[in-house]
1. Output the number of residues of region 79-111 satisfying the condition of being part of a loop (DSSP other than H, G, I, E, B), crowded, with 21+ Cβ neighbours inside 10 Å and either at pLDDT below 95 or of a type outside the set (S, T, Y) (or both).
2. Are any residues in region 242-262 outside any helix (DSSP H, G or I) and either aliphatic (A, V, I, L, M) or more than 19 Å from the chain's Cα centre (by Cα) (or both), and if so, which ones?
3. Any residue in region 170-180 that is outside any helix (DSSP H, G or I), farther than 15 Å from I228 by Cα and touching an Asp or Glu at 6+ places or on another chain (Cβ under 9 Å)?
4. Can you find, within region 36-68, the residue that is farthest from A124 (Cα to Cα) among those that are outside any helix (DSSP H, G or I) and within 16 Å of the chain's Cα centre (by Cα)?
5. Does A76 satisfy the criteria of being hydrophobic (A, V, I, L, M, F, W, C) and surrounded by 23 or more Cβ atoms within 10 Å (Cβ to Cβ)?
6. Can you list residue pairs whose Cβ atoms sit under 6 Å apart, with the first residue in region 79-97 being within 20 Å of S190 (Cα to Cα) and the second being among the acidic types (D, E) and surrounded by 12 or more Cβ atoms within 10 Å (Cβ to Cβ)? Count only pairs 6 or more apart in sequence or on different chains.
7. Take region 243-262 and flag every residue that is surrounded by 14 or more Cβ atoms within 10 Å (Cβ to Cβ) and either touching a Ser or Thr at 6+ places or on another chain (Cβ under 6 Å) or farther than 16 Å from S21 by Cβ (or both).
Amino acid sequence: MISYEKENYIIGAIAGDVIGSVYERHNVKRTDFTLFSKHSRFTDDSVLTFATMDCLLNKKDYAETYHKYGNEYPNAGYGRAFKGWLHSADLKPFNSWGNGSAMRVSPVGWACNTLEEVLDQAKASAAVTHDHPEGIKGAQAVVSSVFMARNNKSKDEIKTYLTEAFGYDLNRTIDELRPVYKFDVSCQGSVPEAIIAFLESTDYENAIRLAISIGGDSDTIACIAGGIAEAYYKSVPEHIVNNVLERVPPNFIMLLESFPKS
């Protein structure tokens, strides 16, 4: 049995990142892949998701905290533009439309009590680096999905809201995407696909498998899908949680303990 503490961990996005980490550069176009290997690790997606938790828990500045965490874990796999930002002193945003804003935002969906607050916080967390409209939109779409799922909205309700509010095409299927999908680090080219994986899924693990099976930026797509799936299905399987906890440092586990679902 999972202990009370582990059961309350918000770990779905982190698990998606760790599982997807070995498939980002070695895409697998099927769902029957091995979940964990000796090479599975946390990447920049997890580092910055934990940074978001820290901001929300301790009312820290997003830019300063992302900069601090990024420099403490410099080899986590950041994109070129973000890596440049980590080496800068002025901490100005760089007009990015990349999916970095969407991969780190899921804790906001658990910390806020209204959809309006969720959207405002998502924008605040994104805009310190990803101030392009697509970067902000991607973060808001992900976090509103988490918030609605957490509050027991149906998949149809979530899909309808996202389609109307953000204009994403969510009528495609994973089977249609899998043969043609290519590596795409933009919000507009990866956030809808991650959401589709969640919408088609039957449980948390299936959401991760579907997300990774399309290829592309596998750790980030699985991170996004995993964050939403956890909120919807209310849990992450014990064997996944335990494998993830073996791969993250103690200070990250302390954040999980301090940032419970309830």
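1. Applying the first criterion (part of a loop (DSSP other than H, G, I, E, B)) to region 79-111 yields 79, 87-97, 99, 104-106.
Those still in the list that are crowded, with 21+ Cβ neighbours inside 10 Å too: 96, 99, 104-106.
After this cut, where a residue has to be either at pLDDT below 95 or of a type outside the set (S, T, Y) (or both) as well, the list is 99, 104-105.
Selection size over region 79-111: 3.
2. Passing the criteria: E246, V248, S262.
3. Checked against the condition, which is being outside any helix (DSSP H, G or I), farther than 15 Å from I228 by Cα and touching an Asp or Glu at 6+ places or on another chain (Cβ under 9 Å), region 170-180 yields at least one hit.
4. The initial filter retains those residues of region 36-68 that are outside any helix (DSSP H, G or I), namely 36-43, 59-61.
Still in the list and also within 16 Å of the chain's Cα centre (by Cα): 41-43.
Working: R41: 28, F42: 24, T43: 22 Å.
Result: R41.
5. On the way: hydrophobic (A, V, I, L, M, F, W, C): yes; surrounded by 23 or more Cβ atoms within 10 Å (Cβ to Cβ): no.
So A76 fails the test.
6. Final answer for the pair search is N95/D131; W97/E134.
7. Quick first cut of region 243-262, residues surrounded by 14 or more Cβ atoms within 10 Å (Cβ to Cβ) only: 243-245, 247-248, 252-253, 255-256, 259, 261.
Passing the criteria: I253, L255, L256, F259, K261.
Table: residues versus (1) under 18 Å from H26 (Cβ atoms); (2) part of a loop (DSSP other than H, G, I, E, B).
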| residue | (1), (2) |
| --- | --- |
| F183 | yes, yes |
| G189 | no, yes |
| P192 | no, no |
| A207 | no, no |
| I212 | yes, no |
| G216 | yes, yes |
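The values are calculated or read from the model by the stated rules, or taken from the named source; none is laboratory data. Being a predicted model, the structure only gives us computed values, none of them experimental. All Cβ positions, glycine included, derive from the backbone under ideal geometry; neighbour counts span all protein chains shown.
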